[in-house]
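The values are calculated or read from the model by the stated rules, or taken from the named source; none is laboratory data. Since we're looking at a predicted model, the values are computed, not measured. As a convention, Cβ positions derive from the backbone with ideal geometry for all residues, glycine included, and neighbour counts pool all protein chains shown. Side chains are part of the model used for accessible areas, which takes the heavy atoms of the whole protein and leaves out ligands, DNA and RNA. Shrake-Rupley method; radii C 1.70, N 1.55, O 1.52, S 1.80 Å.
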Amino acid sequence: MKKKKIIIISVVSIVLLATCAHFFLKASPSDSFQLSTTKLSTNKISTTVTATGTIEPITSVEVGTQVSGKISKLYVDYNSVVKKGEILAELDKTTLQSALVSKELELKSSKTEYLYQKKNFERSKDLHEKNLISETDYETVKYTYETAESAYKKIISDLVAVKTNLSYATIYSPIDGVVLSRAVEEGQTVAASFSTPTLFTIAKDLTKMRVIAKVDEADIGSVKQGQRVTFTVDAYPNDVFDGQVTQVRLEATTTSNVVTYQVVVNAPNPNLKLKPGLTANITIFTMEKTGISVLQTKALNFKPDTKAMAHNGFTVSENIQISKNLGENEKIVWQQDGKTIRNKRIKIGDSDGTNTEIISGITGTDQIITEMKTVSLSEVPKSDSSETSPFMPKRPGSENSKAPKK
C-alpha cells in the first residue's frame, strides 16, 4: 500500500512538472520575434557643423587724426551716409596756422641768407681760381655758403610738414559708406602724441556683411572654403539667412582651455536687416548630396541570430566568400526573401548618421533587414483555446462566464 502511494505521488509530480514546463516555455518571449526591413530610397544626406559668430561689415575704416588739437566742428553723426573726400570734422587750426606763418618767415630769412652766401661764394671762387685769395679764406666762404644752403633746404622741408599738419586738421572720409560710431564731441581735445586716436568708424557697404564665427577644434577639419551656410539672428528669429564660407583662418584662439578657429562667412544683406554686432547662430553644411540612393544606416550594423531564426523557421544562407576580404567602403547587409536570410556585399558612400549612400550591391526591390525585434508576451495575440494548467486555481465565476447563455 505504501509503495503504491509513492508511485502515485511520483506520477502526479511528473505531470505537474511537465505541465508547468509546457506552460512557461510556450509563453517565453524569446520564441517569437519580428524582422524590420527597409528598401533603397532616393533622398538627400547632409552633415553640418554649428557655431556662433558676430556680424560685421566686410570693410570698415577707423578714421583718426595725426595731429593734436581741439575739435572745433563736427559735420557728421551716427548713421550719416558719407562720400569719399567729404569733410567729417575740423580741429582748431589756430596753433597750426601760427606755426605755418612762423615757418614762412623763417623760410624768407633763410632764403635771403642763402642767396647772399651763394653770390659771395661765386665771387670768392673766381678770386681763388686767379690765386687772389688764400686757400683758407676760400674754404671759409665755401663752408658758410653750404651751411646757408642746408638751412634753407631744411626750412623748406619743415614748411611742407607744417602745411601737411595743417591739412590734417580737416578730417575727410576715406571711403563711401555709413558712419557706425563717433568717438568725439565738439570742444573735446584729442592728443596724437603716441598713437592715433579714433574719431569715427565708417562701414563701406552695409549690403555686404560677413560673419566671423568661432568653430571648435573638433569640427574645423571638415570646414572648407565654398561650403554653404545658413544662420539666424535673435533680432529676426523667423528668418533664415544664407551665406558661404570664404575663409578658414589658421590662427587659433584659446579661451578657458577651449581652442577655436575663426571662419569667415559672407552674408549678403540687401534688405539691411543684418546689423553690425548681432550674434549669428550658424550652420555650416560640410557635406551635401541630393537625389542619391540611400539606406538606413542601422541596416549596416545588423547581424542575424542564427539559432533564434532557425527556431522560428528561418533559414540563414550565408555566403562566406561574400563576407571575406571586404574592400574599402564595403559593408555586409542581410536580405530577407520569405523565410530565407542571405548576406550581400554593398559599397557605400557618405553618411549623415541616419542614412548612408549606397553606390552598388543591392536593388530597389531588395528587402534589407534593419533589426530583429523580440515580441513580448503582451504583444502575442491570445487565443480563446489557449491551454491552461489544470492545477492552477480558477478565478471565481470563470466557469459561469463560459457557460452558454440560456
Length released on extending from Lys204 to Tyr143, taking residue separation times 0.36 nm less the Cα-Cα span: 16.4 nm
Hey, any idea what % of the range 35-143's accessible area is carbon plus sulfur with a 1.4 Å probe? 47
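Average the reciprocal distances over every distinct pair of alpha-carbons in the range 127-225, invert the result, and give the Kirkwood radius in Å.
Details: mean 1/r = 0.0479 Å⁻¹.
That comes to 20.9 Å for the range 127-225.
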Would you mind checking which residues have amide H under 5 Å from Gln227's amide H? H placed 1.01 Å from N; only 5 or more apart, or other chain. Val245
Which of the chymotrypsin sites (Phe, Trp or Tyr not before Pro) found in the range 31-109 are loop residues per DSSP with 12 or fewer other Cβ atoms within 10 Å of their Cβ? Tyr78
Specify which residue in the list Leu127, Val101, Thr140 is farthest towards the positive end of the charge dipole of the range 94-144, using unit charges on the beta carbon of Lys, Arg (+1) and Asp, Glu (-1), about the Cα centre. Val101
Rg/Rh of the range 142-188 (Cα atoms, Kirkwood Rh), to two decimals, equals 1.35
Leaving out ligands, DNA and RNA, and with a 1.4 Å probe, what % of the accessible surface on the range 210-289 is carbon or sulfur? 47
Counting other Cβ atoms within 10 Å of each Cβ, which chymotrypsin sites (Phe, Trp or Tyr not before Pro) in the range 255-364 have at most 16 and sit in a DSSP loop? none
Sequence gap at least 6, Cα distance under 8 Å: using those rules, report the relative contact order of the range 175-270 to the nearest whole percent. 29
Across the alpha-carbon set of the range 262-302, Rg over Rh with Rh taken as the Kirkwood radius works out to 1.23
Rank these residues by their accessible area, most exposed first, probe 1.4 Å: Ile369, Ile322. Ile322, Ile369
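Rounded, prolate or oblate: which one fits the range 221-264, using the alpha carbon gyration tensor with axes a ≥ b ≥ c (rounded when a/c is under 1.5, else prolate when a/b beats b/c, else oblate)?
It comes out oblate by the Cα gyration axes.
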Going by amide H atoms built from the backbone, whose H comes under 5 Å of the H on Gln367, apart from near neighbours? Gln336
Got a sec to turn the phi values of the range 141-147 into Karplus ³J(HN,Hα) couplings, 6.51 cos²θ - 1.76 cosθ + 1.60 with θ = phi - 60°, whole Hz, x for Gly and Pro? 5, 5, 4, 5, 5, 5, 5
For Asn269, list long-range residues whose amide hydrogen, built 1.01 Å from N in the peptide plane, is under 5 Å from its own amide hydrogen. Lys208, Met209
Classify the range 205-316 from the C-alpha gyration tensor, please: rounded if a/c falls under 1.5, else prolate or oblate depending on whether a/b exceeds b/c. prolate
Å² per residue, accessible surface of the range 143-281 at 1.4 Å: 57
For the range 180-265, compute Rh as the Kirkwood radius over C-alpha pairs and then the Stokes-Einstein diffusion coefficient at 4 °C and 1.567 mPa s; write the answer in µm²/s, rounded to an integer. 79
